[in-house]
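Asker: Take this structure, written in C-alpha cells, and hold onto it; I'll ask about it next.
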Amino acid sequence: MTLRLHDTATRTVRDFLPLTPGKAGLYLCGATVQAPPHIGHIRSGVSFDILVRWLKVSGLEVTFCRNVTDIDDKILRTASAEGSPWWAVAERNQRAFTRAYEVLGCLPPDVEPRATGHVPEMITLIRRLVDSGHAYAAGGDVHFEVSSYDRYGALSGQRPEHMRAADDIEGGSAKRDPRDFALWKGHKPGEPYWDTPWGPGRPGWHLECSAMATKYLGPTFDIHGGGLDLVFPHHENEVAQSRAAGDGFARYWLHNGLVNLGGEKMSKSLGNSLLVDAMVAEVRPVELRYYLGQAHYRSGIEYSPEALAEASAAYRRIEGFVVRASEAAGTGTGTGRAGGTGGVGGTGGVGGTGGTGLPLASSLPAAFVAALDDDLAVPQALAVVHEVVTEGNTALAAGDQAGADKQAESVRAMLGVLGLDPLAAPWATAGDSGLSDVVEALVRVALDQRQAARARKDYPAADAIRDQLHAAGIVVEDTPAGPRWELAR
C-alpha cells in the first residue's frame, strides 16, 4: 500500500509522491517562544515525529526542518511586561521547548532555523514581491496585497470577501485593503530593528516561515505541517506570498488537531495551560508521549486526568509484556518501569534495522504497516500492537519462549516506529542518573533475605520484608523463575 496523507489544500487523502524519488522534505511550524510549552504545543511535535519516523521506515531520506520564531509581537509584549530584553525571553523559552521535545522522545530536526538569523532571505523575498507588484511599502511598513493573488483563501476554503481584516499592524490606515497583511513592520521606539531598502524595522510572522522553508528545502518541497489553528491566517498567508513570488512551495499541507481543556483550545490567554515541565514531574514522559500520540493526528484531544491515566495504563500493559519477555529470555533484569530506576536490561535488537536505527518496514506486521500508510492511523496501529501483546502474554503463560520472543520482537519493532520502545533510548535510560544498578542491588539484598526467611519457613518475616518494599514503592511478584520486582504504578 502506498503512503496516503490528508492534504488540507485539496481536502482529500492523497497518495504521497515525493518531489524527488527516495527523498522527502518536511517543514514544521515550530515554536513562537514567548512562553514555555504546554502539551497543546508539544502534541504537534509528537505527531510530526511519528510522521518523520514513518517516512524513514518507508525508506525515504528525510530532511526535517522545524523553525523557531524568536521575534514576534507576543515576544515583545512579554518582554515589556517582564522588563526583560526580548532576546532573553526568546532564549529562555526556546530552551524550554527543546527540553520538552527531548523529554518526550522527539527526534531532533535536521535543521532548526531561527527567524532572526534569516533576515537577509526575508528582505530578498520582500524585494521579489514588491518588484512583481504583489507588495507595497506604506507608512514605514511593507504589506502583501491580497487582491493581487487570485488564489487567496484556497488553502483555508474561505472567500476573500468574507475574511476579517488583518490585525497585524496597529492602526493600519496605510493599507490599501484591510485584509492586506504585513511583510515588514516599521521600527517603533524600544523595539529591535534591521535596516532594509524600505526603512528600519522587523519581519512579519508570516514572512519568516516562507523565507526559512525555501532556504533549506528549496522553492518547492514536499510537506508543510503545523497545528490546525495555523491554517488561517498564517499558512494561508505563507502560501500566498510564496506562490506570488514564483515559488511552488509546499505540495502537501498536514495539520494536527488541537488539545482542548473544558471544551476550549488550550492556550496561555485562557489560563488553562498544562506545562510540559510540570506534567513530566507527575507522569512518566513515555506515558505522556503515548497519550499525545495515541489519537489520530487530525483529531482533537479533550484533556482530562482520567484520559491520561487510561493512556498510562494502556502503555504499561504493553511495557509489562516487553519487559517480562526480555527477562524470560535472559536479556533484561529488574524493573520494567521505563523512564524510572531499577534497570530494564539492554536495548536489544528489533528485527532488521536501517541506517537510522529504526526498524525496516519488512519487519513489521502487515496490518500495522497498512494502518500507518493510511494517513498515519495510529489508533489502528496501536490496536495491532495490543493484539500482538495479547498473543505474547499467552505464549509466556504457556512457557513458549520462542513464541514470546517472536511477539516481543514484533512489538518492539512497532513501538520503535511510534517512539515508545521501553527498552530503547531514551526510555531505557531516562531518569536513571546512574542509580539503576544501585537500586537493583539494594532490592536484590532484600529479596534474598525474603527468600531465606521463606526457606526457613519464617513467613511473617518474609511478609514483613515484602510489605516494607511495597511501602517504599517496590512491588514484588513471585514467578516460577523466582521473584521479580518493579516500581509501584
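The values are calculated or read from the model by the stated rules, or taken from the named source; none is laboratory data. Small disclaimer: the values here were computed from a predicted structure and weren't measured. Every residue, glycine among them, receives a Cβ derived from its backbone with ideal geometry; neighbour counts consider all protein chains shown. With ligands, DNA and RNA removed, areas are computed over all heavy atoms of the protein, side chains included. Shrake-Rupley method; radii C 1.70, N 1.55, O 1.52, S 1.80 Å.
Asker: Net charge near residue 380, counting Lys/Arg +1 and Asp/Glu -1 over other residues with Cβ under 14 Å of its Cβ?
Answerer: Working: positive: 4, 298; negative: 373, 374, 375, 387.
Overall, the nearby charge balance is -2.
Asker: For the pairs 23/188; 23/265; 56/185; 188/215; 406/457; 23/175, flag any whose C-alpha to C-alpha distance is greater than 32 Å. Can you show the working numbers first?
Answerer: Details: 23/188 44 Å; 23/265 35 Å; 56/185 40 Å; 188/215 28 Å; 406/457 39 Å; 23/175 42 Å.
Beyond 32 Å between Cα atoms: 23/188; 23/265; 56/185; 406/457; 23/175.
Asker: Let me ask you something else. In whole angstrom, note down how far apart the Cα centers of the stretch 53-130 and the stretch 275-320 are.
Answerer: 25
Asker: Net charge within 13 Å of residue 105 by Cβ-Cβ distance, Lys/Arg positive one each and Asp/Glu negative one each, not counting residue 105 itself?
Answerer: Numbers: positive: 53, 99, 284, 289; negative: 49, 102, 287, 421.
Surrounding charge for residue 105 is 0.
Asker: Taking the Cα centre of each part, how many Å lie between the stretch 131-167 and the stretch 440-471?
Answerer: Computed from Cα coordinates, the inter-centre distance equals 74 Å.
Asker: With axes computed from alpha carbons, what is the tilt in degrees of helix 401-418 against the longest principal axis of the chain, rounded to the nearest 10 within 0 to 90?
Answerer: 20
Asker: Just for the chain, what percent of DSSP beta bridges are antiparallel, to the closest 5? Can you show the working numbers first?
Answerer: Values: 25 of 48 bridges.
Of the beta bridges lying entirely in the chain, close to 50 percent run antiparallel.
Asker: If each DSSP helix of 4+ residues adds -39,500 (n - 2.57) and the sum is divided by the residues in the chain, what number results at 222 nm, nearest 500 deg cm²/dmol? Walk me through the intermediate numbers first.
Answerer: Numbers: 14 runs with 198 residues, N = 489.
Roughly -13000 deg cm²/dmol at 222 nm, from the helical runs in the chain.
Asker: Restricting everything to alpha-carbon atoms, can you work out Rg to Rh for the chain with a Kirkwood hydrodynamic radius? Please list the in-between numbers first.
Answerer: On the way: Rg = 26.2 Å, Rh = 24.8 Å.
Using Cα coordinates only, the ratio equals 1.06.
Asker: For the chain, which longest stretch is free of loop sites, where a loop site is one of the GluC sites (Glu not before Pro) that DSSP puts outside H, G, I, E and B and that has at most 14 other Cβ atoms within 10 Å? Don't jump to the answer; show the numbers that get you there.
Answerer: Details: sites that count: 170, 282.
Longest run free of exposed loop sites: 283-489.
Asker: Here's a follow-up. Report in % the part of the accessible area of the chain that belongs to carbon and sulfur, leaving out ligands and nucleic acids; probe 1.4 Å. Mind dumping the intermediate values first?
Answerer: Working: 10750 of 20480 Å².
Carbon and sulfur: 53 percent of the exposed surface of the chain.
Asker: Let me test this: with uniform point scatterers at the alpha carbons of the stretch 129-193, what is the Debye-based log₁₀ I(q)/I(0) at q = 0.22 1/Å?
Answerer: -0.94
Asker: Then there is this: Mind checking the per residue accessible area of the chain for me, 1.4 Å probe, whole number of Å²?
Answerer: On a per-residue basis, 42 Å².
Asker: Using alpha carbons only, how many degrees (0 to 90, rounded to 10) separate the axis of helix 459-471 from the longest principal axis of the chain?
Answerer: 10
Asker: Compute, for the stretch 25-131, the length of the dipole vector about the Cα centre, with Cβ point charges of +1 (Lys, Arg) and -1 (Asp, Glu) only. Units Debye, rounded to 20.
Answerer: For the stretch 25-131, the charge dipole is close to 180 debye.
Asker: Could you give the angle, 0 to 90 degrees to the nearest 10, between helix 39-57's Cα long axis and the longest principal axis of the Cα atoms of the chain?
Answerer: Once rounded, the angle reads 80 degrees.
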